[in-house]
Amino acid sequence: MSDYFIGNKEYFSGIGKIAYEGKGSDNPLAFKFYDPDKMVGGKTMREHLRFSVAYWHSFCGDGGDPFGNATMQYPWRDPDPMKSAKNKLDAAFEFITKIGAPFYCFHDIDMAPEGANRVESEKNLIEMTDLAKERQESTGVKLLWGTANVFSNPRYMNGAASNPDFSVVGHVAHQVKAAIDATIKLGGAGYTFWGGREGYMSLWNTDMKRELDHIGRFLNMARDYARKAGFTGTFYIEPKPMEPSKHQYDFDSATVIGFLRQYGLDRDFKLNIEANHATLAGHDFAHDLRVARDAGLLGSVDANQGDLMNGWDTDEFPFDVYQTTMAMLEILGMGGFVTGGLNFDAKRRRNSTDLEDLFLAHITGMDAFALGLQAAQRIIDDGKIAEMVRTRYASWDSGDGDAFEAGKLTLEELAAMGEKSEPKSVSGKQEYIESLLNGYLFG
Ligand code: XLS
Ligand code: CA
Ligand code: CA
């Protein structure tokens, strides 16, 4: 029996703490590339990557899909919902400790079952998060962010804060307030708002402006409450373009940034960018990271990947090292995470039914980001690509280009410059950069 089980039962027996064994290892239950103590660019991999386990997929997701029932057998399930929740908490902390992730994230109802009414639900949440606090203290695992699930219960079928019916919004407030209290109690570094059903199915029955104003007002109220209650962490909005609504209001980074500025929220809120949501919006993952970073609003990341062959939210564990490299370049480029981290909002495939697969999936994701981090650092250290980008814009660094950037030119002056001879064609050198990239990855 390993030293890492938490309650009175070991749920992942036969699996100990996952160790770094290096790329020569053929032990499936070992890291090949994630070496938590290895220094990369002045920080350890652990400090850079700030991995987090998502409670909902890892310990609640049952593998069911619209065409088939649950496939996952969880040994912690019990007919009594609170007993089940307590077993699950033990299993979760055993797993998080064994995989060696410093953080986790949860929705209120992942951890505590809903009661017959809001008062009972809050009581369950308080009881469960008291236990979670004990588990955090005994294991050293920390809360990256908390959140409220205000989209699953049928009362939220027309939205949460955007609901056309005011009486629903009181329920939202009660639930969000309780989830904020729980996050503060657990020392959460962040609190996330993912839009859930904040969007619409048909414009024919929707007053979009009013719904957006209501979300803006609600988030101001939530921010004010949390600050008053002592929350010093970061609030995040997580963009997603569609699913479950046809159109989600928090479509992508650019849309959310506009929203935060419009409603006076951009000093307290940052973005939590999920890879698969960016690609659903028709962007590269790195595009949405860059948009947020350029606005000074890149906070945290939901690490997963989509499938290019279909158009829905598959939430796969990330293994595409090109993507993790580009993502890590953005994260290193902003100076690294402050309160955020890489949260595996990712699920095993429906047919990956061994409990061991939960470990294998996280190992794959953590190794993919460790590879991406090291490749990104090599790209930065070498400096060749950055130099090519600098050179590409060099005409703006002095003379008329510089005067333009400084706002010293009128359109007439600029137009007069355009009378000169045809500019000569300058190559963007994209394919060369792509071959350099392969060199950094595989050279
Ligand atoms: C759903 C979202 C959700 C948020 C948290 O698509 O990814 O899981 O991350 O509510
Ligand atoms: Ca997410
Ligand atoms: Ca998703």
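Things to note:
- Single condition residue 373 does not satisfy, out of (1) over 18 Å from residue 275 (Cα atoms); (2) of a type in the set (A, V, I, L, M, F, W, C); (3) part of a helix (DSSP H, G or I): (1)
- Qualifying residue in the range 265-287 (condition: under 17 Å from the mean Cα position of the chain (by Cα), at positive phi, away from ligand 1 (no atom under 16 Å from the Cβ) and not basic (Lys, Arg)): no
- Whichever residue in the range 343-368 is of a type in the set (A, V, I, L, M) and either touching a His at 6+ places or on another chain (Cβ under 7 Å) or part of a helix (DSSP H, G or I) (or both) and, among such residues, is nearest to ligand 3 (Cβ to nearest atom): 346
- Just so you know, in the range 312-332 the residues that are within 14 Å of ligand 1 (Cβ to nearest atom) and more than 14 Å from the chain's Cα centre (by Cα) include one that is surrounded by the most Cβ atoms within 10 Å (Cβ to Cβ), and it is 314.
- Residue within the range 118-136 that is within 25 Å of residue 244 (Cβ to Cβ), among the small types (Gly, Ala, Ser) and either without any contact (Cβ under 8 Å) to a residue 60 or more places away in the chain or within 16 Å of ligand 2 (Cβ to nearest atom) (or both) present: yes
- Test for residue 404: is it assigned to a helix (DSSP H, G or I) and surrounded by fewer than 17 Cβ atoms within 10 Å (Cβ to Cβ): yes
- Residue 307 being away from ligand 1 (no atom under 16 Å from the Cβ), surrounded by fewer than 17 Cβ atoms within 10 Å (Cβ to Cβ) and part of a loop (DSSP other than H, G, I, E, B): no
- Residue 28 vs. criteria exposed (fewer than 13 other Cβ atoms within 10 Å of the Cβ), touching a Leu at 6+ places or on another chain (Cβ under 8 Å) and not basic (Lys, Arg): yes
- Residue within the range 164-184 that is surrounded by fewer than 22 Cβ atoms within 10 Å (Cβ to Cβ), within 16 Å of ligand 2 (Cβ to nearest atom) and closer than 16 Å to residue 112 by Cα present: no
- For the range 249-277, a residue qualifies if it is touching a helix residue (DSSP H, G or I) at 6+ places or on another chain (Cβ under 9 Å), under 26 Å from residue 207 (Cα atoms) and either within 16 Å of ligand 3 (Cβ to nearest atom) or of a type in the set (D, E, K, R) (or both), and the qualifying residues are 250, 252, 253, 256, 266, 271, 277.
- Search result, residues across the range 71-113 that are assigned to a loop (DSSP other than H, G, I, E, B) and of a type in the set (Asp, Glu): 78, 80
- Checking residue 337 against (1) in a loop (DSSP other than H, G, I, E, B); (2) over 27 Å from the mean Cα position of the chain (by Cα), the condition it does not meet: (2)
- Taking residues in the range 252-279 that are more than 21 Å from residue 227 (Cα to Cα) and assigned to a loop (DSSP other than H, G, I, E, B), and partners anywhere that are of a type in the set (Gly, Ala, Ser) and within 14 Å of ligand 3 (Cβ to nearest atom), the pairs with Cβ atoms closer than 8 Å and at least 6 places apart or on different chains are 252/278; 252/281.
- Count of residues meeting criterion [buried (at least 19 other Cβ atoms within 10 Å of the Cβ) and among the polar types (S, T, N, Q)] in the range 31-54: 1
- Residue list for the range 215-259, filter: acidic (Asp, Glu), within 16 Å of ligand 1 (Cβ to nearest atom) and either buried (at least 16 other Cβ atoms within 10 Å of the Cβ) or within 26 Å of residue 143 (Cβ to Cβ) (or both): 238, 250, 252
- Any hit, the range 49-67, residues being outside any strand (DSSP E or B), touching a helix residue (DSSP H, G or I) at 6+ places or on another chain (Cβ under 6 Å) and over 30 Å from residue 328 (Cβ atoms): no
- Of all residues in the range 131-155 being more than 27 Å from residue 299 (Cα to Cα) and not hydrophobic (A, V, I, L, M, F, W, C), the one that is nearest to the chain's Cα centre (by Cα): 153
For (1) surrounded by fewer than 17 Cβ atoms within 10 Å (Cβ to Cβ); (2) within 23 Å of residue 340 (Cα to Cα); (3) of a type in the set (Val, Ile, Thr); (4) touching a Gly at 6+ places or on another chain (Cβ under 9 Å), each residue gets a yes or a no:
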{"site": "87", "(1), (2), (3), (4)": "no, no, no, yes"}
{"site": "117", "(1), (2), (3), (4)": "yes, no, no, no"}
{"site": "130", "(1), (2), (3), (4)": "yes, no, no, no"}
{"site": "149", "(1), (2), (3), (4)": "no, yes, no, yes"}
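- Looking across 236, 225, one residue alone is among the hydroxyl-bearing types (Ser, Thr, Tyr) and assigned to a helix (DSSP H, G or I). It is 225.
- Count of the range 283-317 residues which are free of Cβ contacts under 8 Å to residues at least 60 places away in the same chain, out of contact with any Pro (no Cβ under 8 Å at 6 or more places or on another chain) and within 14 Å of ligand 3 (Cβ to nearest atom): 9
Since every read-out is calculated from the coordinates, none of them should be taken as a lab result. Quick caveat, the model's predicted, so the values are computed rather than measured. Every residue, glycine among them, receives a Cβ derived from its backbone with ideal geometry; neighbour counts consider all protein chains shown.
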